[in-house]
Amino acid sequence: MLKLLTALQTRQADDYTIVNEPILSSELMERAAKAFIKVFLDRFPDRKKHILIFCGKGNNGGDGLVISRMLFDEGYHHVHTYIADFSEKQSEDYLLNLERLQQKDVSIFYINQAADLEFIESDLIIDALLGSGLNKALQGEWEKLVKKINKFSGFKISVDVPTGLPCEGELLSEAIIKSDLTIAFQRPKLNFLLPISSPYIKEWKVVNIGLDENFIQSTSSPYFWFWKADIQKYIKPRQAFEHKGLLGHALMVAGADETIGAALLCTEACHRSGAGLTTALIPEMGLRALNARVPEAMYFSRNNLDKIDWLKYEVIGIGPGLGVSEESSKLLNEVLANFKKPIVIDADAINLLAQNHQLMKLIPQKSVLTPHMKEFDRLFGTHDSWWERIETALKKSVELKVYIVLKNRYTMIFTPEGICYFNSSGSPAMASGGMGDVLTGMITSMIAQGYAVEKAVQLAVFSHGYAGEQLAHKMYVVPASNLIKQIPYILRELMVK
Ligand SMILES: NC(=O)C1=CN([C@@H]2O[C@H](COP(=O)(O)OP(=O)(O)OC[C@H]3O[C@@H](n4cnc5c(N)ncnc54)[C@H](OP(=O)(O)O)[C@@H]3O)[C@@H](O)[C@H]2O)[C@@H](O)CC1
Ligand SMILES: [K+]
């Protein structure tokens, strides 16, 4: 689990490391540039490339100057270094590294106004104008320069963060470098993980620059990033003598006459994720399809709801394809009135809650809501930005004592303790119908098997994305049905490695 930091917290980690390692700030800059260069050499080994480096006069610009020197020493001799000379202010380490660079046979140009910059053919453009020190919208010459650079051809690489993009919080303006690759120091910036950064970041990579990790761990931040190794710590192998009766019984409440498909997807995903038993409470007309598609699943008729033994089930998943009819509303009411263990609430069940907020009070603690952006807004009100949505989700998950899984490229899991975990796995190839139904089935299944809800959600969210990622190597688009087939193999892989 990686703790994620704001720009201010990163600066504090930076200062702490300088004082306590101890290390000179100029040496830390040297270390950061070296980490950048390592990635650069791997990706662009051709020394004949024409490279433009744009530097500001703060520490991001200082990094740029060190990178320029290191590239020269590595044998890249078609490098032009440009300095945006728009203000008197300059950092000490910028100045020191300017002097060091001047001792090399490297051409340095000063830009006094963006209009002076003529178009130069180049293969690569390195953006070291501004980094995490951004404190206002780019205006005037800065804005013009950034817009001009964006029009230049050539692969753009940003140092630490694309110039103009705040590390966290709302965008300040649209004058932001559109980078093809961003090489960030120590941690991804929070905004990299939200859709607002997508026009400005095609790909990002993080390099370790040796900031004090103990200090970072002691920093108070609600944001975490989790990946494979975190999941692998707790995924359980099956034990000798374990049988289906010990691996949980899940009830999937899903489907309507026209949307039986969603019910089949979540039921099959639940079964293939390892729940000992899965029962589908679906419309009668879906029974044949259920028997054909998931013969392992059991069926419970909605006509016999008064005879259901709620205690039989460890968890209920409700919502996929349920519709917002009177019948589905009654079903949700029944479930909320009778079931006291965690419920995984998705899709139309969320829409029904949005229509009747009173029902929210009945949601058992540690239940899981799995909205996509639109369902989230229907439930909690319209939001103008992702940052507003994050604020609401942090508050609501604590208030309702539930987990909120806000689905996205980097799906966020908000906990009743006020934490937000960003999931690292996934692929844009998964953006197709039915994916959410599969995730609901997987989360329900993991809870049924006895994982603590938080772990169940992390495990399901990660392995869902991971399965999609793996398939995306071979498939243009990953259909939900293909992902379902992959689940047992992926879980096995995660368990073993
Ligand atoms: N922390 C780390 O781990 C390490 C960090 N390192 C590097 O340091 C970078 C951060 O450096 P930094 O703090 O010097 O800030 P940076 O981004 O260069 O800009 C500062 C200048 O920009 C100005 N300015 C701001 N907004 C503006 C605007 N809209 N329009 C115009 N001007 C604007 C601001 O002026 P001010 O507004 O304050 O007058 C100030 O002069 C970081 O991204 C990384 O690359 C590594 O070297 C080592 C380890
Ligand atoms: K930059």
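No value in this document is a laboratory result; all are computed from the given coordinates. Bear in mind that the values here come from a model prediction, so they are computed numbers and not experimental data. Every residue, glycine as well, gets a Cβ built from its backbone with ideal geometry; the counts of neighbours run over all protein chains shown.
Per residue, the convex hull around the alpha carbon atoms of the stretch 229-496 comes to 123 Å³. In percent, rounded to a whole number, the relative contact order of the chain is 12, using alpha-carbon pairs under 8 Å and six or more apart. The listed peptides 18-25, 445-452, 465-472, 416-423, ordered by packing as a protection proxy, come out as 445-452, 465-472, 416-423, 18-25 (highest mean of other Cβ atoms within 10 Å first).
Taking other Cβ within 10 Å of each residue's Cβ, how do ARG389, ARG100 sort, fewest first? Intermediate values should be presented prior to the final figure.
Details: ARG389 22, ARG100 15.
Listed from fewest to most nearby Cβ atoms, that is ARG100, ARG389.
Within a Cβ distance under 12 Å of ILE37, other residues only, what is the Lys/Arg minus Asp/Glu net charge? Result for the neighbourhood of ILE37: 0.
Lys and Arg at +1, Asp and Glu at -1: add these up for the other residues within a Cβ distance under 15 Å of LYS340 and post the number.
Working: positive: LYS312, LYS341, LYS361, LYS366, LYS401; negative: ASP309, GLU314, GLU334.
Neighbour charge sum, excluding LYS340 itself: +2.
When the chain is described by a simple charge dipole with +1 on each Lys and Arg Cβ and -1 on each Asp and Glu Cβ, the residue from PHE380, HIS78, SER328 located farthest towards its positive end is SER328.
Run the helix sum for the chain: -39,500 (n - 2.57) per DSSP H stretch of 4+ residues, divided by residue count, reported at 222 nm to the nearest 500 deg cm²/dmol.
Roughly -12500 deg cm²/dmol at 222 nm, from the helical runs in the chain.
Could you give the length gained by full extension between MET1 and LEU400, i.e. 0.36 nm per residue of separation minus their alpha carbon distance, to one decimal place?
Working: separation 399, 0.36 × 399 = 143.64 nm, distance 2.49 nm.
Difference between extended and current length: 141.2 nm.
Taking amide H as placed 1.01 Å from N in the peptide plane, MET252 has its amide H under 5 Å from the amide H of THR279, ALA280, LEU281, GLY317, each at least 5 places away in sequence or on another chain. Annotation for the stretch 405-460 versus the stretch 28-104: alpha-carbon center distance of 41 Å. Our summary gives the stretch 1-119 a relative contact order of 23 percent, counting only alpha carbon pairs under 8 angstrom and 6 or more residues apart. Is the shape of the stretch 24-219 best called rounded, prolate or oblate, per the rule: a/c under 1.5 gives rounded, else a/b larger than b/c gives prolate, else oblate, with a ≥ b ≥ c the square roots of the Cα gyration tensor eigenvalues? Rounded. Legend: ranking of residues ILE53, ILE282, ILE37 from fewest to most surrounding C-beta atoms inside 10 Å; resulting order ILE37, ILE53, ILE282. With all projection directions averaged, the alpha carbon convex hull of the chain covers 25.4 nm². The antiparallel fraction among DSSP beta bridges confined to the chain stands at about 15%. Placing +1 on each Lys and Arg Cβ and -1 on each Asp and Glu Cβ, with no other charges, gives the chain a dipole about its Cα centre of roughly 1320 debye.
Here GLU314, GLU327 are placed in order of increasing Cβ neighbour count within 10 Å, fewest first, which gives GLU327, GLU314.
Net charge in the neighbourhood of MET1 (other residues with Cβ under 13 Å of its Cβ; Lys, Arg +1, Asp, Glu -1) is +2.
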